[in-house]
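Just below is one structure, and these are the notes that go with it.
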Amino acid sequence: MSALLEITNVTKTFPGVVANENISISVSAGEIVALLGENGAGKSTLVKSVFGMVRPDSGEIRIKGELISPGDTSGAIARGVGMVHQHFQLVPVMTVTENIILGDEPKRGIFLNMKAARAEVLALSEKYGLEVDPDAFVEDLAVGTQQRIEILKALRKDVDLLILDEPTAVLTPQETDELLQVMRNLAASGVGVLFITHKLREVMAVADRVVVLRNGRVAGSTSPKETDEEGLAQLMVGRNVVLQVEKGDAKPEAATLVIRELHVNDDRKHLAVSGLNLEVRAGEIVGVAGVEGNGQRELVEAICGMRPRISGEVLVSGEATPDMHPHKVHSMGVSHIPEDREKHGLVSSYSIEDNLVLNQFDREPFAKSWIRNIGALEDNATRLVEEFDIRTPSIKTTASALSGGNKQKVVVARELSQDTRVVVAAQPTRGVDVGSIEFIHNQLIAARDAGAAVLLVSAELDEILSLADRVAVMFGGKIVAILDAKEAERGLVGRLMAGLSA
Amino acid sequence: MLLQGAHPMDAYGSLFSHGFGSWAGFAKTLGKATPLMLSGLAVTIGLRSGLFNIGVQGQLVSGALAAGWAGYAIHGLPIYIHLPIALLFGIAFGALVGWIAGALKAYRGIHEVITTIMINSIVLALVDYLAGHNFQEPGQTLARTSAVLPSATIPKIFGLPSGFFFAVLLSWGVWWIFQRTTSGFRLDTVGRNKNAAWYAGISVKRSVLIAMGVGGAIAGLGGAIETLGVIGRFEPTFNTGLGFDGITIALLGRANPLGVIPGAILIGGIRGASASMQFDAGVAPEIVDLILALILFCVTAPFLSKWLRSTEVGAKITSGWSN
């Protein structure tokens, strides 16, 4: 059987990052290939190259033996490539039929032939076993159904190769199971499927072959028959790059941060944190390890009062923190290094001095009653720029002018310079250069040694293993295990992250 | 203007000499500039807080009518009580009209552009009706109220309308609030990044209510000053377009509260002199509108496009394939 898709030595660099380096992958007709990897491993870039949305620097992409020219989306479509994007491209106020025929509508004369269109959609839906109501409005449908429409839209153009970019990221477990069945049906009818994911269970359930990407390179190629979830987890996170951090032993005291039976929904009102219990003692770093999307983000936001809690409580030094009141939670001594610094952590059009007091602008000494004390702001900024080694021309420079590492240092400086009892650090070194990573790690250890309870959430297992005094493994919205740093061996943590019992 | 058969230099000369050349012309310009400055200030507060308040017209007109009513209907008070009461009426009604749009945004999530347009239509129709019926001057066929009593009339200083100086002071005050106070910082942060504001513990809802309420109050004050200091009664035709010129002025001033001062004087001068331009050089008033539109376009196009891209609505419109 000749390969449907053949990718040979594809390399793509973006300024400062190698997204893909010498990647070779093939997909045959009727085969399901999973592209597995952490965020930023280069999965999306690779499939976008196939679909012509990204122009690779070098390498070849062949479909059914034919070389496709880089950056030629319509060429890819003409050769039978269909792609379902992570973010749906549907018109919410139009019906299912209208969405599916959009761009290539059946006509009678100059008029739309809606009757033919509807019949075509029904036939399509029957052929692939994808049930949809052709007259429903897209905005009324569940996300899983919307995705089915996206798939139908792609299949309508006689697709031989279907690319799915993180198709399950937005689905509930039930919707995911349905999608996996759809993928099996498609493969049985001869379509080649290439799908991106970072969820191990799906790979094991549906893939014929797995290609694991790490840091833009193929870290391994295997099949579910030859390996297990643990083996995949190890391939994904790798074992070669261990960041060594110098730190003394923790001297933990009483529990400062106590989380009891916490339940939190995600943005789509599905339970993301379900009955979570966790204690973080003063003077220790607890690292939350887990595959992304297991409720870590919702946990962090609920602790910090930024996301409504359904039930359960969060105590700081024995005192209950209020729900949905970030200001009060913060003033109880909870510092928060947010996961997305551009969205939450900084106002990029503000100066560094303003950003350094972003969540304490109305407190002494930065303000007296309602008048801001510009002198105190400037002193604070001058001191922190020096102390936290923020590389900037001046404290009046806007945050947008800084590099990622220096932006993050502004956030870290603001959060760790306060009198803090609890530090919640979410992905504190994401998108940060190596030098800044080391600096931020040392600052977190310094906060621990000063007596703060540090909760570290990170997608980088290496970061957790090198910083944490205890490792809490999160899976499916719960802490499934708490390990002492000494017994937190990579293989064991990987198994637990995949939802297997130790 | 050439196409129209008028001499451009004559027209500009007339514009300048009538708008700024004589004491009386200057006074007229400042009188015109006052409500413009305040409505520009109202729009500016919105822009800085991430809101596009295009309901300034409705807020201003309701303030103008409320102040006019208080100015003629309340009798027997000395000026130092009657005038402040009349001004407060204007402020309160303007604030109420602005606040309604703010509340719809904060509690129901309805976009302020839509609500302010709707509320504009409702308020303008209602005010026209009231001026032509319930509050109409007895024996009058025009839609206008009785003249404001002397005890509620804003006195002039050396022939110049004193409301103007108050408006300048207020613009400076708003600038100072944004520059130096925690309240200003809150609004500014919400305007620049709502998510970061929430993270920093700033209530976005409260900021929306404050920005729309205070903006409405200032617009209402603008209407009150126009009624009590310039026209002397409420007459709907005199207020036409003031609120919309306010948008122009706010954009001219690049959302800086101090920027509305020169912007309002410029536009006030052009508006005030448009009649003279017609007499002296035969320039149709529509041409004056055209000049204003050209000024607006040239000065604000870069700012608007930047602002559009930086707000959420704009981001949805302008973003393409990227993640």
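Cross-link check: pairs A:K269/A:K343; A:K12/A:K107; A:K251/B:K205 evaluated at a Cα-Cα cut-off of 32 Å; pairs beyond the cut-off: A:K12/A:K107; A:K251/B:K205.
For A:S311, neighbours were defined as the other residues whose beta-carbon sits under 11 Å from its Cβ, and their charges (Lys and Arg +1, Asp and Glu -1) total -1.
If we count every other residue with Cβ under 14 angstrom of A:A426's Cβ, Lys/Arg +1 and Asp/Glu -1, where does the sum land?
Values: positive: A:R297, A:R307, A:R341, A:K343, A:R430; negative: A:E292, A:E298, A:E301, A:E339, A:D340, A:E342, A:E415, A:E460, A:E463.
In short, -4.
Remark: relative contact order (region A:15-73) = 27 percent; criterion is Cα-Cα distance under 8 angstrom and separation of 6 or more residues.
Could you work out the mean count of beta carbons from other protein chains within 10 Å of each residue's beta carbon in B:187-199? Each step should come with its number before you reach the end.
Values: counts 0, 4, 6, 1, 2, 5, 10, 1, 8, 14, 5, 7, 17.
Averaged over the peptide's residues, the number is 6.
Entry note, chain B: relative contact order of 34 percent, from Cα contacts under 8 Å with a spacing of 6+ residues.
Taking a Cβ cut-off of under 10 Å around A:S335, the surrounding Lys, Arg, Asp and Glu residues balance to a net charge of 0, with basic ones at +1 and acidic ones at -1.
Show me the trypsin sites (Lys or Arg not before Pro) within region A:307-404 that DSSP assigns to loop and that have at most 14 other Cβ atoms within 10 Å of their Cβ. Write out the running numbers ahead of the final one.
Values: sites: A:R309, A:K328, A:R341, A:K343, A:R363, A:K368, A:R372, A:R383, A:R391, A:K396; in loops: A:R363, A:R391, A:K396.
Sites meeting the loop and neighbour criteria: A:R363, A:R391, A:K396.
Per residue, the convex hull spanned by the alpha carbons of region B:34-254 comes to 118 Å³.
Of the peptides A:150-156, A:421-427, B:287-293, how do they stack up when ordered by the mean number of other Cβ atoms within 10 Å, highest first? Don't jump to the answer; show the numbers that get you there.
Working: A:150-156: 20.4, A:421-427: 25.0, B:287-293: 16.1.
Peptide ranking by packing, descending: A:421-427, A:150-156, B:287-293.
Over all directions, the projected convex hull of the C-alpha atoms in region B:144-234 averages 7.6 nm² in area.
Annotation: amide H of A:A488 has no partner in the under-5 Å range at sequence separation 5 or more or interchain, hydrogens built in the peptide plane.
Determine how many Å³ per residue the convex hull of the Cα atoms of region A:338-421 encloses.
Values: hull volume 7.9 nm³, N = 84.
In region A:338-421, the Cα hull volume divided by residue count equals 94 Å³.
The label point for A:R184 and the one for B:D128, both projected 7 Å from the Cα toward the Cβ, are 6.8 nm apart.
The C-alpha atoms of the protein assembly as shown occupy a region whose extents along the principal axes are 96, 78, 47 Å, arranged from largest to smallest. When the Cα atoms of region A:221-344 are aligned to their principal axes, the ranges along those axes come out at 51, 42, 30 Å in descending order. Solvent-accessible surface (1.4 Å probe) assigned to A:H327 amounts to roughly 40 Å². By the rule of a C-alpha distance below 28 Å, with chain neighbours fewer than 8 residues away ignored, the lysines paired with B:K156 are B:K28, B:K32.
Highest mean packing first, where packing is the average number of other Cβ atoms within 10 Å per residue, the peptides A:274-285, B:65-76, A:114-125 line up as B:65-76, A:274-285, A:114-125. For region A:302-366, the Stokes-Einstein estimate of translational diffusion at 37 °C and a viscosity of 0.692 mPa s comes to 251 µm²/s, using the Kirkwood hydrodynamic radius over alpha-carbon pairs. Near the amide H of A:A272, within less than 5 Å, lie the amide hydrogens of A:V264, A:N265, A:D266, all on another chain or at least 5 residues away, with H placed in the peptide plane. Here the protein assembly as shown has 58 percent of its accessible surface on carbon and sulfur atoms, given a 1.4 Å probe and all protein chains in place.
Can you order the peptides A:402-409, B:258-265 by their average number of other Cβ atoms within 10 Å per residue, highest first?
Ranked by mean Cβ neighbours within 10 Å, highest first: B:258-265, A:402-409.
Per-residue Karplus couplings for region A:418-426, computed as 6.51 cos²θ - 1.76 cosθ + 1.60 with θ equal to phi - 60°, are listed in order as 8, 6, 10, 9, 10, 10, 10, 10, 9 Hz, Gly and Pro entered as x.
Remark: mean inter-chain Cβ contacts per residue of A:324-334 equal 2, using a 10 Å Cβ-Cβ cutoff to other protein chain atoms.
Pairs of alpha-carbon atoms within less than 8 angstrom and 6+ residues apart define the contacts here; what relative contact order does region A:292-442 have, in percent?
Values: 198 pairs, mean separation 38.5, N = 151.
The normalised contact order for region A:292-442 reaches 26 percent.
What the phi angles of region B:120-136 give under the Karplus curve with 6.51, -1.76 and 1.60, with θ = phi - 60°, is a coupling list of 3, 4, 4, 5, 4, 5, 4, 5, 4, 4, 4, 5, x, 10, 3, 9, 5 Hz, glycine and proline written as x.
Between A:D158 and A:D433, the simple label model (points 7 Å from Cα in the Cβ direction) yields a spacing of 5.3 nm. The solvent-accessible area of B:W23, taken with every protein chain present and a 1.4 Å probe, is close to 150 Å².
In this simple spin-label model, placing a label point 7 Å from the Cα along the Cα-to-Cβ direction at both B:A147 and A:D389 gives a separation of 7.8 nm.
Which pairs, out of A:K407/B:K194; A:K43/A:K157; A:K328/A:K396; A:K409/A:K486; A:K328/A:K407, put more than 21 Å between their alpha-carbon atoms? The pairs that break the limit, which is 21 Å between Cα atoms, are A:K43/A:K157; A:K328/A:K396; A:K409/A:K486; A:K328/A:K407.
The phi-based Karplus calculation (6.51 cos²θ - 1.76 cosθ + 1.60; θ = phi - 60°) puts the 3J(HN,Hα) values of region B:41-53 at 5, 4, 5, 4, 4, x, 4, 5, 9, x, 10, 9, 7 Hz, whole numbers, x for Gly and Pro. Heavy-atom accessible area for A:H330, with the other protein chains in place and a 1.4 Å probe, reaches approximately 20 Å². Averaged over peptide A:353-365, the number of partner chain Cβ atoms lying within 10 Å of each residue's Cβ comes to 3.
For A:N113, the residues whose modelled amide H falls within less than 5 Å of its own, excluding neighbours fewer than 5 places apart on the same chain, are A:K107, A:R108.
The values are calculated or read from the model by the stated rules, or taken from the named source; none is laboratory data. Since the structure is predicted, the reported quantities are computational estimates derived from the model, not experimental observations. FYI the Cβ positions are ideal-geometry reconstructions off the backbone, even for glycines, and counts take in every protein chain you see. Remember, those area values only see protein heavy atoms, side chains included, never the ligands or the DNA or RNA. Shrake-Rupley method; radii C 1.70, N 1.55, O 1.52, S 1.80 Å.
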